[in-house]
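Notes follow the structure.
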Amino acid sequence: MDRRGQKLKFTAVAAGVVLALTGFSTGRGHGSSSHSGGGGGGCSSSSQNHDSSSSSSSGGGTYRDYDDDDDTYGGSGGSSNASTTLQDATVQLVDCATPTTPYATVEVTNPNSSGGYFTVTVDFLDADANRVEQGTTDEYIAANGTETVQVDLSSPGVAAEVDHCDPETSAPAG
């Protein structure tokens, strides 16, 4: 090969190395390409994740930078998909269990601006205040809503032993 061909080959390799080191990438442009050929190159930033790129069926390159999805503007940072913690619902006894109604009836009030499931717990006690059984149920209560909830005993025969009911006054979100 002649001297001029070697110089061109060396220059092409050197240019490719410089482009690779500066973050310039071919075939992964920002946005989509309407060409049937390939996507163009584009300057890279340090926050890009080239592993999440994809190509359209027309052959044009499409780049989606998922690392930038968690950027916050003017906020304190953090993820936007953090769930909101619900305050406990309040519980009031309406009726206790009897041999003909083997369940306690309570009223549950959700103080939150969004609905959620709450765990309601009732202690069924005998005449000496000993626990005969403890019943729990998970109920969905609408935002700022109040629902009448039934907490069942394990069997109707147990209801004959119950003298009074003692519900937990708050029901945690679950």
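The values are calculated or read from the model by the stated rules, or taken from the named source; none is laboratory data. The shown structure was predicted, so the numbers you read here are calculated from the model rather than taken from an experiment. Glycine also receives a Cβ, built like all others from the backbone with ideal geometry; neighbour counts cover every protein chain displayed. Surface areas here come from the heavy atoms of the whole protein model, side chains and all, with no ligands, DNA or RNA. Shrake-Rupley method; radii C 1.70, N 1.55, O 1.52, S 1.80 Å.
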Residues whose built amide H sits under 5 Å from the amide H of Ala89, excluding neighbours closer than 5 in sequence, are Ala171, Ala173
Here the residues of the range 85-110 lying in the modelled label zone of Ser170, meaning backbone nitrogen under 15 Å from a point 7 Å along Cα-to-Cβ, are 85-92, 109-110
Rounded to the nearest 10 Å², the 1.4 Å probe accessible area of Glu161 is 110 Å²
Under the 7 Å Cα-to-Cβ spin-label approximation, Thr100 and Thr146 lie apart by a distance in nanometres of 2.6 nm
A correct Karplus calculation of ³J(HN,Hα) over the range 108-124, with 6.51 cos²θ - 1.76 cosθ + 1.60, θ = phi - 60°, whole Hz and x for Gly and Pro, returns 10, 10, 8, x, 8, 7, 9, x, x, 8, 10, 9, 9, 10, 10, 8, 9
Listed by chain and number, the residues whose amide H is under 5 Å from that of Gly115, excluding neighbours fewer than 5 places away on the same chain and using placed H, are Ala143
For Pro111, the net charge from surrounding residues (Cβ-Cβ under 14 Å; K, R +1; D, E -1) works out to -3
Applying the gyration tensor rule to the Cα atoms of the range 106-174 (axes a ≥ b ≥ c; rounded if a/c under 1.5, else prolate if a/b exceeds b/c, else oblate), the class is prolate
Simple spin-label estimate for Gln134/Asp88, 7 Å along Cα→Cβ, in nm, reads 1.3 nm
